[in-house]
Every structure is written in structure tokens, then in C-alpha cells.
1. Of the residues that sit in the range 95-143 and are part of a loop (DSSP other than H, G, I, E, B) and at pLDDT 75 or above, which one is surrounded by the most Cβ atoms within 10 Å (Cβ to Cβ)?
2. Tell me which of these S60 doesn't satisfy, since it passes every other one: (1) closer than 23 Å to P269 by Cβ; (2) without any contact (Cβ under 8 Å) to a residue 60 or more places away in the chain.
3. Tell me yes or no: at least one residue of the range 80-94 is within 28 Å of R260 (Cβ to Cβ), among the acidic types (D, E) and crowded, with 16+ Cβ neighbours inside 10 Å.
4. Of the residues in the range 43-91, how many are in a strand (DSSP E or B) and hydrophobic (A, V, I, L, M, F, W, C)?
Amino acid sequence: MTKQLVFLFILFQSVFVFSQKELTHEVYFDTDNYNIISTEESRLLLFISNLSDIDIESISIFGFCDDVGADSYNLKLSQQRANAIKTVFSNNEISEDLITNVDGKGKILLKIVEEKNLIKIRGLNRKVEIIVKPKPPVVVEVTPEVKVETPEKKEAHERLKGELKVGDKIVFENILFKTGYSQIMPESKKVLENIAEVLVERKGVYFTIQGHVCCTQNSRDAIDRKTKLRNLSETRAKYIYDYFIKKGVDKRRMRHIGLRRKFPLGGDPKLDRRVEIVITYVVK
């Protein structure tokens, strides 16, 4: 094997090992309590926000108690702590299908640390451990290129330039939202600007802006991290509505509504963090 091939092999192994690295986080609780204190919730939300760019294979959530109290009580409390963390994940658009373990482990032995204060040591045992396992990298085989003619997919602003009729639904596929927020990602601003320009020109088109979220249980809405209200699909639709008004679209031509998680697309959960418009009237 040549030196170059050896180097590439080692490099590939390094990338593979790095991409397989699990992400961990710990949330600490007060004595006899499973409510998440505000500072710990802020740390947890920051951890969740950093997961948006990771292709997740599974999430494990394990609850623990300190060594004080009866075993049955500690087992119940540790499960309640694990369940509380799972709820935060669900409320912040992390698909519950990814959460494979939510287990209360009861009490654990005193954590061995340099700390001498017994009260502080017990505090380190009142916790939930979160383990996020990324999906392994996909090894792509290089095969001879075969050109396949596929219909060209039109962008939303291009579809809006064409013939429209009542009931037409246009998904803003490239309008992406940050997990838990109603503001769009920076890379989506130009796309939204193009859509607004077309809508300003087509004064005879009336429509409803529909907001959606992903990953919540059943058809619940998700929590807007900025306002702490469970109306994220509505605030996403309102964000687009306000943007169009700012760009010159007559507000009498449009309305906005949040549809929660009533209509998931069935694919990648991030695609359910979406906004689409439905044509309600077209002036002939």
C-alpha cells in the first residue's frame, strides 16, 4: 500500500470515528423535585439548538437520584425527571421517534469527584443524563454517471408567476426555520424576498399563509422559545405575513393561520418546520 493510500485510509478512519462521537449533556435537579430550574432549562435549550445540524440516530434519557430516600421513591422520582426532559425535547421539535430510551434508574452511588462536601456531591447525583448518538456516515459507492431526465422542479416564486387557481398549494420548500423559533434562517432570506416581489406584482392573487411545526405529539403545537407560548406554527405564519406587508403586499389579500402538526409530510422532520400558501381567490 502506498504512503498516499495509507494516509487517505487513516484520514477516513479519523473522520468516521469523529462523526460517530456521541454527544452528552446533564441536567441537575433540586432535592425531591423533578421540575427543571430555569438555569438548567437554559443550558438544555442551548444543547438542543446545537442538534439542529446533526443527523440523529437515537437519543437516550436516563434519570437518577442521590442515595437519600427509599428505593421505590427514588425510582419513581428518577423516572419523573427523565419524563420531564423528554417533554422539553418534544416541545422543541425533536422527533419523539428518535428518543429510544426514557428510563428512571433510581439512586446511584455517590459520584467520585475531588469535591469533599457531601451535600454538593449528592447534588451531582440528582440529574438526568442525555446521550445523543449521530447516525453513522453513509459510504457512497462511485458508479458511472447515468443521466436520467427528470422534470425540472420550479421554485415557489416561479410557480407564483404561472397560472394559478383557487385551492393551489405552494410550499415554501427553501424557507427554513431555526428549531423552536419563528425567524427564518439567513440562507432563506433571499428566497423569501423573491416570493414577496412576485406577490407584490400579482395584485389579483389572494391567499392564506399556513404555518406548520414538526415532532410534537399528535397534533399539538410547539413552544415558541422567544415567547414561551405553545403557538409556534402561528408565529411562523405571522412572521411571513408581516414580512410580506413590509415588502408591499396588501394585507387585505392575505390571512395567516397556524396548523400545528396536523399535516406532517412524512419525510425528514425538519421539512415539517414549514410555511406554505393556499390560493383563495384569483381576479380574472
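1. Per the stated criteria, the residue is R126.
2. (2)
3. The answer is yes, given that some residue of the range 80-94 is within 28 Å of R260 (Cβ to Cβ), among the acidic types (D, E) and crowded, with 16+ Cβ neighbours inside 10 Å.
4. Of the residues in the range 43-91, 6 are in a strand (DSSP E or B) and hydrophobic (A, V, I, L, M, F, W, C).
The values are calculated or read from the model by the stated rules, or taken from the named source; none is laboratory data. For clarity, every value in this text was computed on a predicted model and none was experimentally measured. Backbone-built Cβ (ideal geometry, glycine too); neighbour counts: all protein chains shown.
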